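The values are calculated or read from the model by the stated rules, or taken from the named source; none is laboratory data. Because the structure is predicted, anything quoted here is derived from the model rather than measured. Glycine gets a Cβ as well: all are built from the backbone with ideal geometry, and neighbour counts include every protein chain shown.
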Amino acid sequence: ARTAPPAKADHLNFTVKDSGNSAMDGTYSLECGPTGGDHPNAQGACDALAAASDRGANPFEPVAPDTKCTMIYGGPASAHIVGTWRGREIDARFSRGNGCEIRRWDALVPALPKTR
């Protein structure tokens, strides 16, 4: 009997800027299944991404262009995430420029830093 090759671990690279959290600004990697990489909170990050995905959401999906968002500014923080997650290629950008973007960012804390 043939056995399937082992599933490849999810691997993401993060670039975070201007979060107000010096420990989380910079570039780092994250692996989930098994957990690894140099992300400052790798297990928490994997758990947050898994929880968002298990709710049926794509945690990397951008805000739809026609979405009505509150005009609230959450600060200058930005993040760029690239890699693979659950078999999908990821190239996602995050900011805190309005209420929708803030909610999208906060849903991934601690994968993305809690901002100040």
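Could you tell me whether any residue of the range 58-76 is outside any loop (DSSP other than H, G, I, E, B), surrounded by fewer than 19 Cβ atoms within 10 Å (Cβ to Cβ), in contact (Cβ under 8 Å) with a residue 12 or more places away in the chain and of a type in the set (Gly, Ala, Ser)? There is no residue in the range 58-76 that is outside any loop (DSSP other than H, G, I, E, B), surrounded by fewer than 19 Cβ atoms within 10 Å (Cβ to Cβ), in contact (Cβ under 8 Å) with a residue 12 or more places away in the chain and of a type in the set (Gly, Ala, Ser). The set of residues from the range 98-116 being farther than 12 Å from residue 52 by Cα, assigned to a helix (DSSP H, G or I) and not small (Gly, Ala, Ser) comprises 100, 101, 102, 103.
Here's the yes/no breakdown for (1) surrounded by 14 or more Cβ atoms within 10 Å (Cβ to Cβ); (2) modelled with pLDDT of 95 or more; (3) small (Gly, Ala, Ser):
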residue	(1), (2), (3)
38	no, yes, no
87	no, no, yes
96	yes, yes, no
101	yes, yes, no
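Kindly indicate whether residue 89 is in contact with a His (Cβ under 7 Å, 6 or more places away or on another chain) and part of a strand (DSSP E or B). No, not satisfied.
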